[in-house]
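I have placed the structure first, in the form of structure tokens, so that the comments after it can refer back to it.
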2 protein chains.
Amino acid sequence: MTDQEILEALSGVVIPGETKSIVQSNYITDIFVNKRNLFFTIKLPMKDSTHKGFLNEQSETAIKNAFGNDVNVHVNFTVTTSSARTLEQTTLPGVKNIIAVVSGKGGVGKSTVSANLALALRESGATVGLLDADIYGPSVPIMFGVRGKRPMMRETENGKGVIVPLDRYGLKLMSIGLLVDDKNAVVWRGPMASSAIKQFITDVDWGELDYLVIDMPPGTGDIHLTIMQTVPVTGVIVVSTPQDVALADAKKGIAMFGQAQINVPIIGLVENMSWFTPAELPDNKYYIFGKEGGKKLADEYDIPFLGQIPIVQSIREGGDLGVPVMMSDEQIVKDAFLGFADTVIREVGARNEKLAPTKPIEITER
Amino acid sequence: MTDQEILEALSGVVIPGETKSIVQSNYITDIFVNKRNLFFTIKLPMKDSTHKGFLNEQSETAIKNAFGNDVNVHVNFTVTTSSARTLEQTTLPGVKNIIAVVSGKGGVGKSTVSANLALALRESGATVGLLDADIYGPSVPIMFGVRGKRPMMRETENGKGVIVPLDRYGLKLMSIGLLVDDKNAVVWRGPMASSAIKQFITDVDWGELDYLVIDMPPGTGDIHLTIMQTVPVTGVIVVSTPQDVALADAKKGIAMFGQAQINVPIIGLVENMSWFTPAELPDNKYYIFGKEGGKKLADEYDIPFLGQIPIVQSIREGGDLGVPVMMSDEQIVKDAFLGFADTVIREVGARNEKLAPTKPIEITER
């Protein structure tokens, strides 16, 4: 079995939905043969990571057809994430994709969506950070049970102090709520806000990340401009409920980020609280806030629709348990978030192929 | 049976919770005797109207004990509503109580609460008007199925043109949405807004009303000041959901109406969307948005808590049916609104006993 023969054997394996084979796309690396044992790696783009099982099976069949059933095939996978950024930049170096999660108003579950999106991306094999920049009500400390924890500082080689993010469920975590007490939070909203937030965002030592998810403050205001001026955001995800008022506010958000002077790509819209399902009646869907309002809005604005997240609750629990749903055994909602994350991975990949890197926006200070 | 003997016989009948008898309170009028038939009227304050059945039974027993079992007792009830207004005033003459329903933000169901409160007050025997002053999204036309109807104008004796409210389910109805097309609604928000709204409110011919319920625009803004400058509001009802963000916004509303220069009495807070009950599992309560946040907020601000309104839905329906829930067969929610209306009647009565009439506020025009 030469490398050439092995590649020929695998040249019929194609990822569903693609035209080139995994050999033509140069996904095969690190071929190693030891007696009748064959090892190789498939370097998979993140957007195709859901096809691991399929590729494993197809590769094994192809090899055994070519070389006999006694060959042991060991496929290793590495997942690569595309980026529209050059990773040598000074702002958030090593972060491939920065995703800002926004909502037109509060109360639509933006923080819940951000946290569980980050966890679902992690579950797809990516390295992920979650930055809670919601100055009006940082929720990461409670949601991840790290309230009152003070993050460590460390000094870099050039003598600069940086904040070390916390680690929880395999995520890197940082929240404005971990740096200030509730009572002092007002500093983030005063005249000092702009410089304080810039420093907070740029001084966290994220290391290498495929995705940094930023839980933005709700609404559309100066604080959003500050963050967009500081961070070259790959794209924005808009969260809405199917309620009319929430949709009207989501329109404002879409309009803001689409403005000529800001112009951040919108990755898409996700609908939260799409329906309610009692844990006691798992097949019933109650469209409390109306049906598919988010889907219609995404169609109207011609932006991708990223998914629907239902509310599932048991009568035995009161709501906030302090554990993100992705870490619970609530399979219906977990599946919704995994599907949503898959769509985000695909849409971010498409965005990186089509568009140039986002630059931090430049706006004359008011 | 002389009038004197009859009053003596009834002098032991006391409304639960009161100290004086119905005779001492001068509630008995129009006594009429024909052979062994006795007719009289109990003129009941609105707040005690739920005791009709009790009073009917007690009166009959008292009369039969005094004059024998062969007397036929016919009790007639009239319900009187207290007012802190003098009804000869020029703004909304004949309207005894003006209740403004407000919310800190949209999406909490303020319009649903306003409409069904008006219907529940009607069911208690009061004459009620509903004024939809929500310039941002008038909902009465859809909720009452009167979309596209144009209200009539009529000329008064002194040659002034007034708007005649519509009649539906025994309510008098008027909505900004009935006067302007959706596309022209913007006029209510421009520089003309203030005078247009003043004219709209004062030019409706409400006639005699026990309660006028005003569905206010959501939030706290100039438009609210305009309305408060135009109308001497008896009191304000604040609507909130148990969600944290909604409660935070409700606080802003409470603060606004409590400001020294506005100072409109707050009748209380009602919690909407308190829990979800599937019609298929009527005993189950799902506290989707948290539990009793509204009650805690009312306690914190020391204002009356007026009740909890649940969401009840069947999987067969999508939500908006175009019929207010008080006119449906949804007994759980109807009972909640009837209880809420009873509490409102009591609290408005208490307010009228304790406080002077509200004057339209005077604020220097900006």
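Among the residues of the range B:343-358, is any under 23 Å from the mean Cα position of the chain (by Cα), assigned to a helix (DSSP H, G or I) and within 14 Å of chain A (Cβ to nearest Cβ)?
Taking every residue of the range B:343-358 in turn, none turns out to be under 23 Å from the mean Cα position of the chain (by Cα), assigned to a helix (DSSP H, G or I) and within 14 Å of chain A (Cβ to nearest Cβ).
Condition check: in a strand (DSSP E or B), in the same structural domain as A:GLY235 (by TED's automatic domain parsing) and open to solvent by 60 Å² or more (accessible area, probe 1.4 Å). Does A:MET174 satisfy that? Step through it out loud before you land on a result.
Details: in a strand (DSSP E or B): yes; in the same structural domain as A:GLY235 (by TED's automatic domain parsing): yes; open to solvent by 60 Å² or more (accessible area, probe 1.4 Å): no.
Judged against the criteria, A:MET174 is not a match.
If A:MET153 satisfies all but one of (1) out of contact with any Gly (no Cβ under 6 Å at 6 or more places or on another chain); (2) open to solvent by 40 Å² or more (accessible area, probe 1.4 Å); (3) free of Cβ contacts under 8 Å to residues at least 60 places away in the same chain, what's the number of the condition it fails?
Of everything listed in (1) out of contact with any Gly (no Cβ under 6 Å at 6 or more places or on another chain); (2) open to solvent by 40 Å² or more (accessible area, probe 1.4 Å); (3) free of Cβ contacts under 8 Å to residues at least 60 places away in the same chain, A:MET153 misses just condition (1).
Hey, any hits in the range B:330-340 for a residue that's without any contact (Cβ under 8 Å) to a residue 60 or more places away in the chain and not in a helix (DSSP H, G or I)?
Yes; the residues of the range B:330-340 include at least one that is without any contact (Cβ under 8 Å) to a residue 60 or more places away in the chain and not in a helix (DSSP H, G or I).
List the number of the failed condition for A:LYS291; all other conditions in (1) open to solvent by 30 Å² or more (accessible area, probe 1.4 Å); (2) facing another protein chain (nearest Cβ under 9 Å); (3) in contact with a Ser or Thr (Cβ under 7 Å, 6 or more places away or on another chain) hold.
So A:LYS291 meets the others, but not (3).
Does the range A:125-132 contain at least one residue that is charged (D, E, K, R), in the same structural domain as A:ILE311 (by TED's automatic domain parsing) and open to solvent by less than 10 Å² (accessible area, probe 1.4 Å)?
From the range A:125-132, those charged (D, E, K, R) are A:132; that's our starting set.
Add one more test, that the residue is in the same structural domain as A:ILE311 (by TED's automatic domain parsing), and what stays is A:132.
Checking the rest, the ones that are also open to solvent by less than 10 Å² (accessible area, probe 1.4 Å) come to A:132.
Within the range A:125-132 (the criterion being charged (D, E, K, R), in the same structural domain as A:ILE311 (by TED's automatic domain parsing) and open to solvent by less than 10 Å² (accessible area, probe 1.4 Å)), the answer is yes, since at least one residue qualifies.
Residue under question is A:ILE237, and the condition is that it be at pLDDT 90 or above and either within 14 Å of chain B (Cβ to nearest Cβ) or surrounded by fewer than 24 Cβ atoms within 10 Å (Cβ to Cβ) (or both); does it hold?
Judged against the criteria, A:ILE237 is not a match.
Report those strands (runs of 3 or more DSSP E) wholly inside the range B:11-121 carrying at least 1 residues which are surrounded by fewer than 14 Cβ atoms within 10 Å (Cβ to Cβ).
Those strands (runs of 3 or more DSSP E) span B:28-34, B:37-45, B:72-80.
Given the condition free of Cβ contacts under 8 Å to residues at least 60 places away in the same chain and closer than 24 Å to A:PRO282 by Cβ, answer yes or no: does some residue in the range B:251-258 qualify?
So far as the range B:251-258 goes, no, none of its residues is free of Cβ contacts under 8 Å to residues at least 60 places away in the same chain and closer than 24 Å to A:PRO282 by Cβ.
Return a yes/no flag: does the range B:295-302 have any residue that is in contact with a strand residue (DSSP E or B) (Cβ under 6 Å, 6 or more places away or on another chain) and open to solvent by 40 Å² or more (accessible area, probe 1.4 Å). Full working, then the answer.
Here is the first cut: in the range B:295-302, the ones in contact with a strand residue (DSSP E or B) (Cβ under 6 Å, 6 or more places away or on another chain) are B:295, B:298.
With open to solvent by 40 Å² or more (accessible area, probe 1.4 Å) added as a condition, the list becomes B:295.
Looking for residues that are in contact with a strand residue (DSSP E or B) (Cβ under 6 Å, 6 or more places away or on another chain) and open to solvent by 40 Å² or more (accessible area, probe 1.4 Å), one finds at least one in the range B:295-302, hence yes.
Exactly one of these conditions fails for A:VAL270: (1) within 12 Å of another protein chain (Cβ to nearest Cβ); (2) crowded, with 21+ Cβ neighbours inside 10 Å; (3) under 23 Å from A:GLY235 (Cα atoms). Give me its number.
Only one criterion is unmet by A:VAL270, namely (1).
The values are calculated or read from the model by the stated rules, or taken from the named source; none is laboratory data. Being a predicted model, the structure only gives us computed values, none of them experimental. Because the Cβ atoms are built from the backbone with ideal geometry, glycine has one as well, and the counts that use them run over all protein chains shown. Note: accessible area is taken over every heavy atom of the protein model, side chains too, but ligands, DNA and RNA are not part of it. Shrake-Rupley method; radii C 1.70, N 1.55, O 1.52, S 1.80 Å.
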